[in-house]
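The values are calculated or read from the model by the stated rules, or taken from the named source; none is laboratory data. Everything numeric in this text was worked out from a predicted model, so none of it was measured. Cβ atoms come from the backbone with ideal geometry, glycine included; neighbour counts cover every protein chain shown. Only protein heavy atoms, including side chains, enter the accessible area calculation; ligands, DNA and RNA are left aside. Shrake-Rupley method; radii C 1.70, N 1.55, O 1.52, S 1.80 Å.
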Amino acid sequence: MPFLIERVTEVVFTIVVVVLLGTGALIGLAVARRQRREQYFQRIDQIRERFGPVAAALLSERIEYQRGLDALKSISGLDRLYMLELLLVAKPPPPDQIPILCQACEDLGLVKLWQRELSGQITPASLASPQGILTRVSRLHFLVRAKAAENLGIIRHKESWPLLVKALDDPHADVQTVAARALAVIGEPESFPMLLNRLKRVVLDSSDRLSLRTVKSAAVSFPLKQADELLPLLEAANGRLRFQSVDILREMVEREAAREEEFQLDRHNFSPELTELFVTKLCFDENPDARARSARALSYLFDQRATLALMTLLEDPQWFVRLHAVRSLAKRKFLSQADAIGKRLTDSHWMVREAAARTLMVFGRAGLDQLTRHFLETQDRYSREQIADEMQRAGLLPSLLAQYASEPKGDEVEVFRQLSGMGKTSYLISTLTSSSDRSLKKKFLLDLGAHPDPQIKTWVRQLAARETDLELRSLATSLVGQTPPERVEDPERSRRGGA
């Protein structure tokens, strides 16, 4: 202690020198790093300016392939492969450019680099890239593997599918996810059974790192012609496996149906084994989720037993199974089942009732007649409310009003009377107000003009005050108990006179 007191000046001076040297070193490092980054971005700009048009012309086949390849090979430097990666796969290419892009990446050595990186190998090219720190730090190396998997997926390199399947067991979940997505994009048929094996592991082992949604999304992207690979899972003892495999097949079917009008599943695109499984087992599966998801495929099956299976699902004890069945029946070919669908209008669950109303509307006039008949006959208040709401949401009231105007006597007037009694006249009155059909307005006034509904009363008063047609105005006036039309004063004129 006495020593420090005697030499306090030297100690303070030493501390100051050390602090200044440390600060200077940090500043120097920051300046050097900034200069290095500026040089890096300058190099990128130079490469893009010089070789970007060449890469674009090569991919769009505006220049000879070998000539463009030689130009890109002339890029030098330790970071050459990284620069080529920036030029070629920085953005996902259009589908028509993928074959030539894949070939160029193979010829330039990028594919081999990505395959080695995906396998976990540390290459000189990886160390020389600006992201070399990710390679040197083991905890961050998963980013290099993930990027390599993504690049192989972008160029759809089919020969890399075994490596991508192996990457599904990578120690890091992010690499597994990217590998699954790359397999989905590549779509190599031989990789589909591997994906299904991985799906089985994920379903049976809840601790698996790979997300069920990820592996399922990858499996769904494969074409329907590979659906036979799902047979072992569809017949598995585990109910969750059967549910997930049925759901995968459902999405495959819906994707194909979206591409083709009048799509159906027959012996040309659906094997007899799968057909038999759906019509005899899956519609009776003990797992209600599997039963529910089977309905969509059954609705496309070209087999008479499929309709019977759907009718079975329509009476299922689980409401969401009935919901899927009702929605699947929303096709004109099921018009003969309108009565069975109409029974679901009184279902215990509101979503099934709503779906039944929407399905019946697909059948056109026959479905509309079924709806109106049920609306008038049922004593179920919830069913009537559901149908009334659906009529308004689907825009059926203009069609009903058109039928009402053209037919001498129908059920429409009773439907309007019931709607008025329920207080659901806003859309009805709005349609009448915007209509230019004089006979329609007259008929409605005669049938329902005296109804106590407030909105109908307001509409009649407006006709009595503003209607230019003398006959309609006179009729409306008599309904509201006003003076004859020639003596009715305009409210606006009365206010001006009073003023």
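Tabulated values for the structure
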quantity	calculated
Probe 1.4 Å, accessible area per residue of the chain, Å²	54 Å²
Fraction in percent of alpha-carbon pairs per bin - 10 Å, segment 441-483	34, 62, 4
For Leu301, residues with placed amide H under 5 Å, excluding near neighbours	Leu265
Cβ crowding within 10 Å averaged over residues, with 143-152, 55-64, 42-51 ranked highest first	143-152, 55-64, 42-51
Local net charge near Asp389, Cβ-Cβ under 9 Å (Lys/Arg +1, Asp/Glu -1)	-1
Mean Cα-pair separation over length for the chain, i.e. relative contact order, pairs under 8 Å, 6 or more apart, %	5 percent
Neighbour net charge for Asp453 - beta-carbon separation under 10 angstrom, K R +1, D E -1	+3
Unit charges on C-beta of K, R, D, E only; dipole of segment 48-126, Debye	160 debye
Dipole in debye (nearest 20) - the chain, about Cα centre, beta carbon charges: Lys, Arg +1; Asp, Glu -1	1060 debye
Nearest 10 degrees, 0 to 90: helix 319-328 Cα axis against the chain principal axis	80 degrees
Unsatisfied cross-links (Cα-Cα over 32 Å) in the set Lys331/Lys441; Lys343/Lys442; Lys91/Lys216; Lys331/Lys424; Lys225/Lys343	Lys331/Lys441; Lys343/Lys442; Lys225/Lys343
Segment 344-453, dipole about Cα centre (Lys/Arg Cβ +1, Asp/Glu Cβ -1), debye to the nearest 20	220 debye
Within the accessible area of segment 176-255 (1.4 Å probe), percent carbon and sulfur	48 percent
Segment 226-348: C-alpha gyration tensor shape, a/c 1.5 cut-off, then a/b vs b/c	oblate
Segment Tyr40-Gln103, length gained on full extension (0.36 nm per residue, minus Cα span)	19.9 nm
Calculated Rg and Dmax of the Cα atoms in Å (choose from [x] 26.7, 78; [y] 36.7, 121; [z] 23.5, 81), label	[y]
CD proxy at 222 nm, helix term only [per DSSP H run n ≥ 4: -39500 (n - 2.57); per residue of the chain; nearest 500]	-21500 deg cm²/dmol
Segment 150-208 shape via C-alpha gyration tensor axes, a/c threshold 1.5	oblate
Between helix 304-314 and the chain: long-axis angle, C-alpha atoms, 0 to 90°, nearest 10	80 degrees
Of all accessible heavy-atom area on segment 292-429, the percent that carbon and sulfur account for (1.4 Å)	49 percent
